Amino acid sequence: MAVKLLGLSGSVAHPSRTTALLRAILEAVSARIGISGTLIELADDAPHIFSALTRRQLSGRAAQVVQAVEAADLLVVGTPVYRASYTGALKHVFDLVNHEAFAGKPVLLAATGGTPLHGLVTEHQLRPLFGFLNALTLPTTIYATEDDFADYRLVNPKIIDRIARAAGEAAAQLSLRDASVAPLRAAAG
Ligand SMILES: Cc1cc2nc3c(=O)[nH]c(=O)nc-3n(C[C@H](O)[C@H](O)[C@H](O)COP(=O)(O)O)c2cc1C
């Protein structure tokens, strides 16, 4: 079965720097593993997600989003910093998921913010959330500020390099789990 690579953007805005960052990360991972990914944007799906306040109330698109997040082999999660944390929309998705689906799942963490002072949001907010879920968060996280984008396109070469490093870590994890990814591990370097 094909490896499922999923990006989840916690931004509730269009256009979105966070979504642009996630697209760049998904492209880098896809190039490493030779499998394309899917992106879920909560800017579109948050109204569906909030229609369910408990897991039992999940139906329609909200159920599809939760199911896709649970089923991903590699999850790339990104959020804008809102009030020094992830968005409420992103948190609500993880209040609805079955926590057992995340044990050992590789998760690449990313965020965007208005100030570099909140760059540790990936370590202090996102990593503990996925720690609770027993997920395997990758060592390299990505944080970008508004100055790293031009017209919602990532332009800072240092962040592009960091994405390449994170994509290598993601490919290595996937190759440990899925034989179809293994031949690409050498290319990942
Ligand atoms: C409600 C709200 C709260 C915010 N809080 C913070 C914050 O605490 N720290 C920060 O660095 N940026 C904060 N920002 C700025 C956003 O994180 C930043 O502009 C981000 O890149 C927006 O991402 P987006 O384009 O994907 O929506 C906030 C923005 C909004 C709208």
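Name, by its number, the condition in (1) of a type outside the set (A, V, I, L, M, F, W, C); (2) within 14 Å of the ligand (Cβ to nearest atom); (3) free of Cβ contacts under 8 Å to residues at least 40 places away in the same chain that does not hold for Ser16.
It fails just one condition, (3).
Okay, residues lined up against (1) over 19 Å from Ala164 (Cβ atoms); (2) under 14 Å from the mean Cα position of the chain (by Cα); (3) of a type in the set (Lys, Arg); (4) more than 16 Å from the ligand (Cβ to nearest atom):
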site: Ser30; (1), (2), (3), (4): no, yes, no, yes
site: Gly34; (1), (2), (3), (4): no, no, no, yes
site: Ile40; (1), (2), (3), (4): yes, yes, no, no
site: His48; (1), (2), (3), (4): yes, no, no, yes
site: Arg55; (1), (2), (3), (4): yes, no, yes, yes
site: Asp73; (1), (2), (3), (4): yes, yes, no, yes
site: Val77; (1), (2), (3), (4): no, yes, no, no
site: Ala103; (1), (2), (3), (4): yes, no, no, yes
site: Pro106; (1), (2), (3), (4): no, yes, no, yes
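Taking the stretch 59-87 only, how many residues are under 21 Å from Leu5 (Cα atoms), surrounded by 14 or more Cβ atoms within 10 Å (Cβ to Cβ) and of a type in the set (Gly, Ala, Ser)?
5
If you go through the stretch 146-157 one residue at a time, do you hit one that is among the β-branched types (Val, Ile, Thr), touching a residue at least 12 places away in the same chain (Cβ under 8 Å) and in contact with a strand residue (DSSP E or B) (Cβ under 8 Å, 6 or more places away or on another chain)?
No, there is no match, as no residue in the stretch 146-157 is among the β-branched types (Val, Ile, Thr), touching a residue at least 12 places away in the same chain (Cβ under 8 Å) and in contact with a strand residue (DSSP E or B) (Cβ under 8 Å, 6 or more places away or on another chain).
Just checking, which of Leu74, Leu26, Leu108 is touching a Pro at 6+ places or on another chain (Cβ under 7 Å), in contact (Cβ under 8 Å) with a residue 12 or more places away in the chain and under 19 Å from Thr140 (Cβ atoms)?
Only one candidate qualifies: Leu74.
Given the conditions (1) within 16 Å of the ligand (Cβ to nearest atom); (2) crowded, with 21+ Cβ neighbours inside 10 Å; (3) within 14 Å of Ala68 (Cβ to Cβ), which single one is not true for Leu5?
Checking Leu5 against (1) within 16 Å of the ligand (Cβ to nearest atom); (2) crowded, with 21+ Cβ neighbours inside 10 Å; (3) within 14 Å of Ala68 (Cβ to Cβ), the one that fails is (1).
With the structure loaded, tell me whether Arg56 is basic (Lys, Arg), surrounded by 13 or more Cβ atoms within 10 Å (Cβ to Cβ), without any contact (Cβ under 8 Å) to a residue 40 or more places away in the chain and over 16 Å from Ala13 (Cα atoms) or whether it fails that test.
Judged against the criteria, Arg56 is not a match.
Could you pull out every one of the helices (runs of 4 or more DSSP H) wholly within the stretch 88-189 that has 2 or more residues that are modelled with pLDDT under 95 and either surrounded by fewer than 17 Cβ atoms within 10 Å (Cβ to Cβ) or not acidic (Asp, Glu) (or both)?
157-177, 185-188
Given the structure, is Gly88 within 23 Å of Glu169 (Cβ to Cβ) and either hydroxyl-bearing (Ser, Thr, Tyr) or over 12 Å from the mean Cα position of the chain (by Cα) (or both)?
No; evaluated as a whole, the condition is false for this residue.
The values are calculated or read from the model by the stated rules, or taken from the named source; none is laboratory data. In this text, all values refer to a predicted model and were calculated from it rather than measured experimentally. Cβ: placed from backbone, ideal geometry, glycine included. Neighbour counts: every protein chain shown.
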